[in-house]
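The values are calculated or read from the model by the stated rules, or taken from the named source; none is laboratory data. Everything quoted here is computed from the prediction, not taken from an experiment. Using ideal geometry, Cβ is built from the backbone for each residue, glycine included, and neighbour counts are taken over all protein chains shown.
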Number of protein chains: 2
Amino acid sequence: MERIEFICVGTELLVEKVNTNVILVSGYLAKVGLILQRNTVVPDSEEEIAACLRESLSRSQVVLVSGGLGPTFDDVTREAVASVFQRKLIFSSEIWENIQAYFHHRQLKIPEIAKKQACIIEGSKILPNKRGTAPGLLLEEKESGKVVILLPGPPSELEGMLVEYVLPFLKDFFHLSEKKYFRFGIAGVPESFVEEKSCDLRKRYSDKVEFTIITAPGMIELLCQTTKENENLCLEMEKELKEIFGDSFLGLNPPTLPEIVGKLLQQKKLTMAAAESCTGGLLGARITDIPGSSLYFKGSIVAYSNRWKRRLLKVPPTLLRKYGAVSQEVALAMAKGARKAGQADVAVSITGIAGPGGASPEKPVGLVWMAVVLPDKKTASRKFLFSGTRTQIRERAVFSALEFLRQEIGNWEKKK
Amino acid sequence: MERIEFICVGTELLVEKVNTNVILVSGYLAKVGLILQRNTVVPDSEEEIAACLRESLSRSQVVLVSGGLGPTFDDVTREAVASVFQRKLIFSSEIWENIQAYFHHRQLKIPEIAKKQACIIEGSKILPNKRGTAPGLLLEEKESGKVVILLPGPPSELEGMLVEYVLPFLKDFFHLSEKKYFRFGIAGVPESFVEEKSCDLRKRYSDKVEFTIITAPGMIELLCQTTKENENLCLEMEKELKEIFGDSFLGLNPPTLPEIVGKLLQQKKLTMAAAESCTGGLLGARITDIPGSSLYFKGSIVAYSNRWKRRLLKVPPTLLRKYGAVSQEVALAMAKGARKAGQADVAVSITGIAGPGGASPEKPVGLVWMAVVLPDKKTASRKFLFSGTRTQIRERAVFSALEFLRQEIGNWEKKK
């Protein structure tokens, strides 16, 4: 198994930069099928970094280290790594020239401390940094063949180095082209349901495929890792999973739920509108996360007050009085109103009680009604009772509405 | 010194959830002045978790562990921790009843595997989880007095447990009440600006106060740590910072930007509406994150297409033709249209190019126009050029609109 770790150096333990780097590294590694065995954040301390690197090297074949290569007093990664490898720091006139050129190009005066960045660890390979001054360094432990790669801390510099040097190196080092990764998506059901229903299948394939179940936004994902010769198993498994999960199954390597809905709308040449109450615009936000969504998404009327429901969505006041804003009747009227006001083919509505206030004995926090109106004016409605915080209820409502839309639009053509 | 570490368990190394948890934990700890010594992410492997916990316990007094408490086969944190402490797992009928009630409330069938979550480590203290099924567990190592706290992995559950149990425990354990923490908020300026402008002040107070600058949603925060006897320094500093940052200064321990705007609206007895284009509903979503926002927020018209801008916001077609949808003129017309359609006192509009497509030489990706209409029909508009990804541009636009609203509504009364 490939053993790789990431050490993120920075007193910025509090700041998002560190987490940006963790996301960057794990994201890029995932693309080539690598999972970090460890991901450690250490403060800018020579002893801490050295201790951490020793531990990591005792466990893993490759250790990526980012940060602490800058020119200031608290940048001590080079020193720490040199001490672990018992090597010297030497001045590289080649790097110094690059740094001078970098400052010159930006018409900046070169600060004296910049010279520190021209120091490299004896016997290391220099990885030029096109986006900043501190180059990366690659070191190999002679006896063990283990590798440490030092990378700059600023996210954009780190990203450049990952793409240009680290991924190609790792593909080669770990012979990754022989491994295959794929995933299946299932929407609208809890993780434990997927676990239980897929148990038998996972057992049967367990000698050839490694499985992981994760919760992604709006869906549960079954991640699979296998070898090149077993690659075609994914097609067999896809068929079996389709039978197990039916309409909830999103297929092999599915895009996100907003993307799936967007593609369905485009395939069927439909436009859509939304009417939101408790989600406050979050459904529109998720749909428009997708670049190019203006091709099918016309807009959303966020009617947070009853007056807006009446005025902008033309919900009959009698319905609001008789059934209340959170009801099947009002959800249907909202969807119809949005479809008409926005001259769209399809419309979806969400009305509910996100809490913590606003509940009554008959209408508890988490109660959400949704409706869909289809091009032939056929309607469908669903009732949900979500648990969790206000944020969770709103998010679950949005993804349930997208899944509702996916099924209704998907089935709509069938009926025609 | 307080030594505390965080171990985040999850094969979801790929997913943002892990990073969300790292941000959550370091953020909450920062609020009580604690800095994580290490922050390690390990996959769902019993040996990995156990090895990592042993190392952490050898270094630190408190180790927080999140994730791997779920019901599925790859949730093995309980087992790993039990092995490190050489204790047994025992079935808790108390927890089992809670889990049954949780499923019952959601009208779901209880899967057989859910029983696993009712197992606790012998001698551990149960920390009830109000937002999910897996409770937290607190274990103390008899001889050393070191503490391990197991917490659920889903971010909202983790957050609930941090606030309810972990922070109060840590305050007590580390005697943190003798320390004082406060923070100042500054909106609408970059981190480096706050760094530079506050440099002199930070130097002057450096023997009594420890400073950290972090980026929070919509604002830069200057975190301060001091002792009880120096607590009153915050008032002096507040005055000085007000002078340095003027209108951008949000004061001592400010709430979030959506809350600040909501409070301002309520103080001035105003209602608001929004018209969104490139943000697709995200502004409405952020405003309605706040419980009770229906008191002042009427709704948002997400006019993603030009037709919606014309039909629902009554933007004159000539303006759209002459200036294009992303222009000062259309932003002003959108805000006026939303105010009128929604019968609100104040309205804000956002129209821009979030990218990656849709740009032209005159209108690059990141160009965003906003407008505000005030109760006396006075208008204001602002032009922004944001950099970053589609997601970043949209988020920056939303927080800039909130900051724009805050300043305009704040100044509006002054003029009266």
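Brief remarks follow.
- Subset of the range B:33-68 that is within 25 Å of the chain's Cα centre (by Cα) and hydroxyl-bearing (Ser, Thr, Tyr) - its residue that is farthest from the other protein chains (Cβ to nearest Cβ): B:Ser66
- Taken over the range B:102-114, the criterion of being among the charged types (D, E, K, R) and either in a helix (DSSP H, G or I) or out of contact with any helix residue (DSSP H, G or I) (no Cβ under 8 Å at 6 or more places or on another chain) (or both) is satisfied by B:Arg106, B:Glu112.
- Test: residue in the range B:103-113 that is in contact (Cβ under 8 Å) with a residue 24 or more places away in the chain and either over 20 Å from A:Glu196 (Cβ atoms) or in contact with an Asp or Glu (Cβ under 8 Å, 6 or more places away or on another chain) (or both): yes
- Out of A:Lys228, A:Lys179, A:Lys203, one residue alone is of a type in the set (D, E, K, R) and in contact with an Asp or Glu (Cβ under 7 Å, 6 or more places away or on another chain). It is A:Lys228.
- In the range A:364-387, the residues that are not assigned by TED's automatic domain parsing to the domain that holds A:Asp345 never reach a residue that is of a type in the set (Asp, Glu) and crowded, with 22+ Cβ neighbours inside 10 Å with C-beta atoms less than 9 angstrom apart, at least six apart or across chains.
- Which numbered condition A:Ile214 misses (of (1) surrounded by fewer than 24 Cβ atoms within 10 Å (Cβ to Cβ); (2) more than 10 Å from chain B (Cβ to nearest Cβ)): (2)
- Search result, residues across the range A:80-115 that are within 17 Å of A:Leu57 (Cα to Cα) and surrounded by 12 or more Cβ atoms within 10 Å (Cβ to Cβ): A:Ala80, A:Val81, A:Ala82, A:Ser83, A:Val84, A:Phe85, A:Arg87
- Any hit, the range A:356-378, residues being surrounded by fewer than 19 Cβ atoms within 10 Å (Cβ to Cβ), under 31 Å from the mean Cα position of the chain (by Cα) and within 14 Å of chain B (Cβ to nearest Cβ): yes
- Restricting A:Ile95, A:Ile99, A:Ile7 to residues that are more than 9 Å from chain B (Cβ to nearest Cβ), at pLDDT 90 or above and not in a loop (DSSP other than H, G, I, E, B) narrows the list to A:Ile7.
- Annotation: of all residues in the range B:71-92 being assigned to a loop (DSSP other than H, G, I, E, B) and among the hydrophobic types (A, V, I, L, M, F, W, C), the one that is nearest to the other protein chains (Cβ to nearest Cβ) is B:Phe73.
- Enumeration of residues in the range B:278-289 that are crowded, with 21+ Cβ neighbours inside 10 Å and in contact with a helix residue (DSSP H, G or I) (Cβ under 7 Å, 6 or more places away or on another chain): B:Cys278, B:Thr279, B:Gly280, B:Gly281, B:Leu282, B:Leu283, B:Ala285, B:Arg286, B:Ile287
- Those helices (runs of 4 or more DSSP H) of the range A:135-218 in which 2 or more residues are assigned by TED's automatic domain parsing to the domain that holds A:Asn21 and in contact with a helix residue (DSSP H, G or I) (Cβ under 6 Å, 6 or more places away or on another chain) occupy A:155-161.
- As for the range A:115-126, it holds at least one residue that is within 36 Å of the chain's Cα centre (by Cα) and assigned to a loop (DSSP other than H, G, I, E, B).
- Scan of the range A:379-416 for residues that are aliphatic (A, V, I, L, M) and surrounded by fewer than 20 Cβ atoms within 10 Å (Cβ to Cβ), ordered by number: A:Ala380, A:Leu385
- Residue match in the range B:199-208 (condition: in contact with a strand residue (DSSP E or B) (Cβ under 9 Å, 6 or more places away or on another chain) and surrounded by 21 or more Cβ atoms within 10 Å (Cβ to Cβ)): no
- Some residue of the range B:221-228 being within 21 Å of B:Arg406 (Cβ to Cβ) and at pLDDT below 95: yes
- Each residue in the range B:313-342 was checked for being modelled with pLDDT of 95 or more, in contact with a helix residue (DSSP H, G or I) (Cβ under 7 Å, 6 or more places away or on another chain) and under 30 Å from A:Arg310 (Cβ atoms), and 11 pass.
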